[in-house]
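The values are calculated or read from the model by the stated rules, or taken from the named source; none is laboratory data. What you are looking at is a predicted structure, and each value in this text was computed from that prediction instead of being measured. Here the Cβ positions follow ideal geometry from the backbone for every residue, glycine too, while neighbour counts run over all protein chains shown.
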Amino acid sequence: MYDPITIKRQQKLNRELGTIEVPQAFLDKFPDMKRERAEKYFATYVSAVFRVFVIRLAFTSDGETNVSFEKLFNACGTFNYNKVRYSIWNAFKEIYPFMVVVKLGSNLNSKTNYNEKNTRVKVVNERMLEMLLAEKSPQEVYDQLFTAADENAATAAVHIDMDNLARFIGCTQYELEKAPAEATKLRSKLNSNLWQAQLIQKVGIVTEKKFGAAILPMIESPSAFGRTYYKGLNIQNVSKQVRSAVIGHHYQYDMNAAVFATKLYLYGVAKGGDNALVGSLDGTYTRQYLAEKNQIRNRLAKHCFEGVNLPWDSKVKAIKDALTAIGFGARMQGRTWMGKNGLEGTALADILKSPAVRVTFEQDAWVKAFAAEQIEIEDTILTHAETLDGFDEMVEAIRASNEVNGRVTRAGKLAYMYQHYETFIMDIAVGVMKRYGIEPVARIHDAFIVREKLPDRVLDDVYAEWGLRDYMRLDCDEVREWAEASYKRAIDDAAREQAEHHERMKKAETFARMYAIKKTGVA
């Protein structure tokens, strides 16, 4: 509809403007259209983007998310100009974009292959998107996130610490101010956190007025694979930073390397009980990883990323993710695997993107033995599963969940068993807590959140209920409240002033030394 020069010129103008207003390129394209009519169509476009896109804002990853262009097209509608019909979506999407296409979706109606259902897009024009979100009332946001049916279906709610959330928003905005323009990954993460937090803040404003307390409704969406998920924006699917902002001061308990602990549990059951594993070589490398995971990750990070310019934490995280992928069934060769959230990408290639790093990782002797052991454990678990009474029901549940082709795969069976037993194990832990009158604030699959640190006697009872298995342990992380952005700014200012002072002193010393040499002629 527009030539490339017009598009580029208008997009530059959008960046320079401080308001959301009808693009000049549209007015030039339709010169006989009244201004009020043009503004009406632009408002329709912006509202449609908001209605469809606001829900997806909560689920951005690296600045990308999935949207339905069909929904956007239909939501915008059409208009007539000089007896020609035009699409409102097509009239504005290029000259006032909020997103660009990364990968066109197939529009498959599939729950198990969600990333192919809609088009993958990258968020652009973050500043205008921020303005759009800011100008929408809390009630408008709430109505888009939660329908009346959803609200009535809510089985639980998480209290929102509005003061802590406001401090987090301020800190995130400050971090965005500091972040260099070229730090795209960091900025995408910060923007995603900011959008999630601002959406929840608006939800809190509405629920505080409506129910007398700021809460985030939790609408259950049970999975056939055993887990309980929640619809829409919820405490499970926000980032850990936003979760900490919403809940405030708390303690989070995660099962140590949950996938491997659960697999060893199933392996022991298949072998006739854990006593059959004690003193044997079965599960040697998996047990070692559970006992020495930090040392193993650090060694592999140093070995595999030698000479690679990457932050140390990123190296360790990549190794952790690669080992976890192997635990979930990823193979060294390129193929998909069933991860925590369903069918994941092409095995290790999506995690260790550098071929050199990946080859070094795959050729490490410990990694080879570890990966081979995972196959042995999985084979034993699946063979044992076929002897169980509920095997046929499991197969049918997996078949029904795969709406694409109904196939029952090895990865699907492993994911089904893992998630059921993960839920079973964590139900035991929560049940013990409730006997002591302790209610979890929230559950996140292999983790739960509580307000106060659990007493040792509670943990002892949990471990006893788990059969005193030495590899099944809970890691505790205390999460504190967020500080004011002004506090962080003051610390940064003080650090900058100190650095500037050191630089001035260094220059003064250099000047004094040069002056002494000039006066005395002695170096």
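Observations, loosely collected:
- Some residue of the stretch 421-432 being assigned by TED's automatic domain parsing to the domain that holds Gln374, crowded, with 20+ Cβ neighbours inside 10 Å, among the charged types (D, E, K, R) and in contact (Cβ under 8 Å) with a residue 12 or more places away in the chain: yes
- Among (1) surrounded by 15 or more Cβ atoms within 10 Å (Cβ to Cβ); (2) more than 21 Å from the chain's Cα centre (by Cα); (3) not small (Gly, Ala, Ser) - the single one Gln139 does not satisfy: (1)
- Take the conditions (1) buried (at least 18 other Cβ atoms within 10 Å of the Cβ); (2) among the β-branched types (Val, Ile, Thr); (3) under 30 Å from Cys304 (Cβ atoms); Ile398 misses just one of them, which is (3).
- Test: residue in the stretch 28-37 that is surrounded by 17 or more Cβ atoms within 10 Å (Cβ to Cβ) and under 30 Å from Leu216 (Cα atoms): no
- Residue within the stretch 248-258 that is surrounded by fewer than 19 Cβ atoms within 10 Å (Cβ to Cβ), touching a residue at least 12 places away in the same chain (Cβ under 8 Å), of a type in the set (Asp, Glu) and part of a loop (DSSP other than H, G, I, E, B) present: no
- Only one of the numbered conditions (1) part of a helix (DSSP H, G or I); (2) modelled with pLDDT under 80 is not met by Ala349, and that is (2).
- Selection of the stretch 94-112 for residues being touching a strand residue (DSSP E or B) at 6+ places or on another chain (Cβ under 9 Å) and either at pLDDT 80 or above or within 17 Å of Thr60 (Cα to Cα) (or both) yields Phe98, Met99, Val100, Val101, Val102, Lys103, Leu104, Gly105.
- Meets criteria (exposed (fewer than 10 other Cβ atoms within 10 Å of the Cβ), within 44 Å of the chain's Cα centre (by Cα) and within 25 Å of Phe424 (Cβ to Cβ)) for Asp456: yes
Yes or no, residue by residue, for (1) free of Cβ contacts under 8 Å to residues at least 60 places away in the same chain; (2) assigned by TED's automatic domain parsing to the domain that holds Glu126; (3) among the hydroxyl-bearing types (Ser, Thr, Tyr); (4) under 22 Å from Ser188 (Cβ atoms):
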site: Asp3; (1), (2), (3), (4): yes, yes, no, no
site: Leu13; (1), (2), (3), (4): yes, yes, no, no
site: Glu21; (1), (2), (3), (4): yes, yes, no, no
site: Lys29; (1), (2), (3), (4): no, yes, no, no
site: Ala43; (1), (2), (3), (4): yes, yes, no, no
site: Ala48; (1), (2), (3), (4): yes, yes, no, no
site: Thr60; (1), (2), (3), (4): no, yes, yes, yes
site: Asn80; (1), (2), (3), (4): yes, yes, no, no
site: Arg85; (1), (2), (3), (4): yes, yes, no, no
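- Test result for Val52, assigned to a helix (DSSP H, G or I) and of a type in the set (Val, Ile, Thr): yes
- Test for Leu300: is it at pLDDT below 95, crowded, with 18+ Cβ neighbours inside 10 Å and either more than 31 Å from the chain's Cα centre (by Cα) or in a helix (DSSP H, G or I) (or both): no
- Lone qualifier among Ile319, Ile326 - being assigned to a helix (DSSP H, G or I), assigned by TED's automatic domain parsing to the domain that holds Leu266, under 19 Å from Tyr285 (Cβ atoms) and modelled with pLDDT under 95: Ile326
- Taken together, the residues in the stretch 484-503 that are touching a Cys at 6+ places or on another chain (Cβ under 7 Å) and among the hydrophobic types (A, V, I, L, M, F, W, C) amount to 1.
- Looking only at the stretch 74-99, and only at residues there that are outside any loop (DSSP other than H, G, I, E, B) and either among the small types (Gly, Ala, Ser) or within 28 Å of the chain's Cα centre (by Cα) (or both), the one that is farthest from Pro31 (Cα to Cα): Met99
- Residues satisfying the stated conditions in the stretch 459-484, i.e. touching a residue at least 60 places away in the same chain (Cβ under 8 Å) and at positive phi: Gly467
- Taken together, the residues in the stretch 442-458 that are more than 20 Å from Tyr421 (Cβ to Cβ), at pLDDT 95 or above and not basic (Lys, Arg) amount to 7.
- Some residue of the stretch 216-224 being within 25 Å of Val158 (Cβ to Cβ), crowded, with 16+ Cβ neighbours inside 10 Å, assigned by TED's automatic domain parsing to the domain that holds Glu452 and under 27 Å from the mean Cα position of the chain (by Cα): no
- Residue satisfying condition, being at pLDDT below 95, assigned by TED's automatic domain parsing to the domain that holds Glu292 and over 28 Å from Ile319 (Cβ atoms), within set Gly390, Gly437, Gly412: Gly390
- Some residue of the stretch 466-479 being of a type in the set (Ser, Thr, Tyr) and surrounded by fewer than 19 Cβ atoms within 10 Å (Cβ to Cβ): no
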